[in-house]
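The values are calculated or read from the model by the stated rules, or taken from the named source; none is laboratory data. This structure is a prediction, so every number in the text was calculated from the model and none was measured. Cβ coordinates were reconstructed from backbone atoms using ideal geometry, including for glycine residues, and neighbour counts include every protein chain displayed. The area values use the complete protein model at the heavy-atom level, side chains included, leaving out ligands, DNA and RNA. Shrake-Rupley method; radii C 1.70, N 1.55, O 1.52, S 1.80 Å.
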Amino acid sequence: MLELSILGFLAEHPLHGYQLKERIKALSGHVRPVSDGALYPAITRLVVAGKLDQRTEEGASAAPRRVLSLTDAGRADLLERLRHPKQAEITDQVRFNTVLAFLRHLPDRREQAAVLRRRLEFLETPASFFYDDGEPVRAEQAGDLFRQGMLRVARATGQAERAWLREAIAHLDEAG
């Protein structure tokens, strides 16, 4: 997820490390904060792999900064990650939002729609936070007010997301 965010934001324009960190933090928010101890090693891995270029630029009132930009290899890697997201990037809401944030970079609408179809298929599989004898517990069956609340909010969110996914897929299919 971190490398996808790095590649995705740099596909839009070059950034220095602090700007990149702030954009990633805004995308994943308090749910998955990014630390310097994770970000800068990931940047280094991508530079060593030839997916990012870096150049030094004078700081406004501070030390010089590294400005990062995407290479052709980095763009190819980004597109591959968007074409074939890992299953966890489909099933985990925060990770899927990261894919969604950069899916516009994938030029083929059919490939965009295929990613959305994978998410829709996942969301249409019955699931719950709680199970009784292997069966998902619905909000109406929850034993307490708080679990009922969790399940009702999840159901409403899921309904809204499934509706949007169907609309987006139809739009991509019409335009493609």
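General observations
- Answer residue from segment 125-153, given it is in a loop (DSSP other than H, G, I, E, B) and open to solvent by 100 Å² or more (accessible area, probe 1.4 Å) and is nearest to L172 (Cα to Cα) among those: P126
- Some residue of segment 107-121 being more than 21 Å from E174 (Cβ to Cβ), open to solvent by 80 Å² or more (accessible area, probe 1.4 Å) and not in a helix (DSSP H, G or I): no
- Cβ pairs under 9 Å, 6+ apart, first in segment 1-20 and more than 15 Å from R104 (Cβ to Cβ), second of a type in the set (F, W, Y): L15/F9; G17/Y40; Q19/F9; L20/F9
- Residues that are of a type in the set (D, E) and closer than 19 Å to R110 by Cβ were ranked within segment 139-174; the one that is modelled with the highest pLDDT is E167.
- Checked against (1) at pLDDT 95 or above; (2) touching an Asp or Glu at 6+ places or on another chain (Cβ under 8 Å), Q112 passes all but a single condition, namely (2).
- Answer residue from segment 160-176, given it is within 20 Å of the chain's Cα centre (by Cα) and open to solvent by 80 Å² or more (accessible area, probe 1.4 Å) and is farthest from I90 (Cα to Cα) among those: E167
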